[in-house]
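Asker: Input: one structure, supplied below.
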């Protein structure tokens, strides 16, 4: 019976995930949230079923009541997040909310399989982070003068990274975090958001050579401090975010070409300066030849992905513990081993759909500041996904960054919650601006697009009758 449950759950999880992913892109067929409601409801169902089937398989194998208890707690928490957004921001972008909850679901499922205690700790961090950032969309949608604080952003960002450089301990060759009491914080995660606001503030309303040079100096200061801390993964993200925002602001392809040449030069300099970079490149080039040393992590990751094949071994049937740092850096390998490469591809597409929606929202803004903020946050998110998964599958050398919402890590989860909340706030803000600009009676689409204020259908009908 146990084997039957494992096998049936394995296939059902893949089917539910595949259908959910298809729905992620089906939403773009419609221009407003009102017409997408059916898709979102189906996504909610598939999300619940992925979580249920995964925990059913775990419980069938372990027979421990704590897994049943964990399932209930996690499912109630995830549904509470969905309901909270629906109640507080009833007509916000549901794809962003659904994808956030689906990524959290996948992360909690695989983390529970790897380590029950870590999974529950991650769950409480998720709930706390979502609760803390629930106010962010309201603030972003109501306050319009964030552009005025560019030097505050610059000062806070650089000083935070400098504090890590000066006071942090070296872990695995890098200075990444600061310990306060029993808590560990990774400031570079928070500074990514601050850096986006700083760059947007500088480039939003002036693209003169002076402003470009100022923004380049600010970006260079951030990147150099990260390089000095040997946090090269974050340095790459900051670098790519800056040049993406610079191109969107100026539309000058020359700056992009300069960026690519600078990236190549920086990569070579980093390779020559830092021994742990050379070790990672060596492992990337020949993981099997260095399997007893530098290539052990990536070799075990490739073994896990290959063992899982297209359809996976089934949740709880793999051996993720053989991969060092599997809960954080290599969680994607554990997912592919137990849930399959098809599931892993769907996960990548799910993240891509988030990015497409972020860019969709960004391109609707006429205000250059908010457009640049949305672009910067979107690029930071998708490039972090690329670095994480690319390193795990040996597409690029390892960088040590986490997979947002899925990997274990409190700071990463909290910052990603904030990023999604910021994008949601921009979405709501744009909807309100559109309604005010039109100066007309609301339409059914207004109920489903970018607004915080609740206008019920009865009020719409009365106003529409008045107009007629």
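Asker: May I ask you to list the residues in segment 96-118 that are farther than 20 Å from residue 10 by Cα and at pLDDT 95 or above?
Answerer: Within segment 96-118, 96, 97, 98, 99, 100, 101 qualify.
Asker: Could you please let me know if residue 190 is within 23 Å of residue 414 (Cβ to Cβ) and modelled with pLDDT of 90 or more?
Answerer: yes
Asker: Pairs needed: first member in segment 67-95, within 19 Å of residue 423 (Cβ to Cβ); second member anywhere, surrounded by fewer than 15 Cβ atoms within 10 Å (Cβ to Cβ) and at pLDDT below 95; C-beta distance under 7 Å; at least 6 residues apart or different chains.
Answerer: From segment 67-95, the pairs are 90/454.
Asker: Somewhere in segment 43-54, is a residue within 21 Å of the chain's Cα centre (by Cα), farther than 25 Å from residue 30 by Cα and surrounded by fewer than 19 Cβ atoms within 10 Å (Cβ to Cβ)?
Answerer: no
Asker: Considering each of 416, 411 in turn, give the residue that is within 17 Å of residue 126 (Cβ to Cβ), part of a helix (DSSP H, G or I), over 9 Å from the mean Cα position of the chain (by Cα) and touching a residue at least 12 places away in the same chain (Cβ under 8 Å).
Answerer: So the residue among 416, 411 that is within 17 Å of residue 126 (Cβ to Cβ), part of a helix (DSSP H, G or I), over 9 Å from the mean Cα position of the chain (by Cα) and touching a residue at least 12 places away in the same chain (Cβ under 8 Å) is 411.
Asker: Can you tell me which condition residue 28 does not meet? The list is (1) crowded, with 19+ Cβ neighbours inside 10 Å; (2) over 26 Å from residue 411 (Cβ atoms), and all the others hold.
Answerer: Exception for residue 28: condition (1).
Asker: Can you find a residue in segment 167-174 that is crowded, with 17+ Cβ neighbours inside 10 Å and either within 18 Å of residue 150 (Cα to Cα) or at pLDDT 85 or above (or both)?
Answerer: no
Asker: Look at segment 203-223 and say how many of its residues are crowded, with 24+ Cβ neighbours inside 10 Å and out of contact with any helix residue (DSSP H, G or I) (no Cβ under 8 Å at 6 or more places or on another chain).
Answerer: So the answer is 0.
Asker: A follow-up question, please. Of all residues in segment 224-237, which are without any contact (Cβ under 8 Å) to a residue 40 or more places away in the chain and either on the phi > 0 side of the Ramachandran plot or in contact with a helix residue (DSSP H, G or I) (Cβ under 7 Å, 6 or more places away or on another chain) (or both)?
Answerer: Across segment 224-237, the qualifying residue is only 235.
Asker: Restricting to segment 9-22, and then to whatever is surrounded by fewer than 20 Cβ atoms within 10 Å (Cβ to Cβ) and touching a residue at least 12 places away in the same chain (Cβ under 8 Å), can you tell me which residue is farthest from residue 61 (Cα to Cα)?
Answerer: The qualifying residue farthest from residue 61 (Cα to Cα) is 19.
Asker: Restricting to segment 418-434, and then to whatever is at pLDDT below 85 and within 15 Å of residue 369 (Cβ to Cβ), can you tell me which residue is surrounded by the fewest Cβ atoms within 10 Å (Cβ to Cβ)?
Answerer: Applying the filter and picking the extreme gives 433.
Asker: Then there's this: Please work out if residue 240 is surrounded by 14 or more Cβ atoms within 10 Å (Cβ to Cβ) and not in a loop (DSSP other than H, G, I, E, B).
Answerer: yes
Asker: Would you check which residues across segment 112-155 are more than 16 Å from residue 419 (Cβ to Cβ), within 17 Å of the chain's Cα centre (by Cα) and surrounded by 20 or more Cβ atoms within 10 Å (Cβ to Cβ) and list them?
Answerer: 122, 123, listed by residue number.
Asker: So residue 291 fits all but one of (1) in contact (Cβ under 8 Å) with a residue 12 or more places away in the chain; (2) outside any helix (DSSP H, G or I); what number is the exception?
Answerer: (1)
Asker: Could you tell me whether segment 255-274 includes any residue that is crowded, with 16+ Cβ neighbours inside 10 Å, at pLDDT below 85 and under 21 Å from residue 164 (Cα atoms)?
Answerer: Looking through segment 255-274, at least one residue is crowded, with 16+ Cβ neighbours inside 10 Å, at pLDDT below 85 and under 21 Å from residue 164 (Cα atoms).
Asker: Among what's in segment 322-341 and is assigned to a helix (DSSP H, G or I) and surrounded by fewer than 24 Cβ atoms within 10 Å (Cβ to Cβ), pick the residue that is modelled with the lowest pLDDT.
Answerer: This residue is 322.
The values are calculated or read from the model by the stated rules, or taken from the named source; none is laboratory data. Worth saying up front: this structure is predicted, and the values here are computed from it rather than measured. Neighbour counts are summed over all protein chains in view; Cβ atoms, including those assigned to glycine, are modelled from backbone coordinates with ideal geometry.
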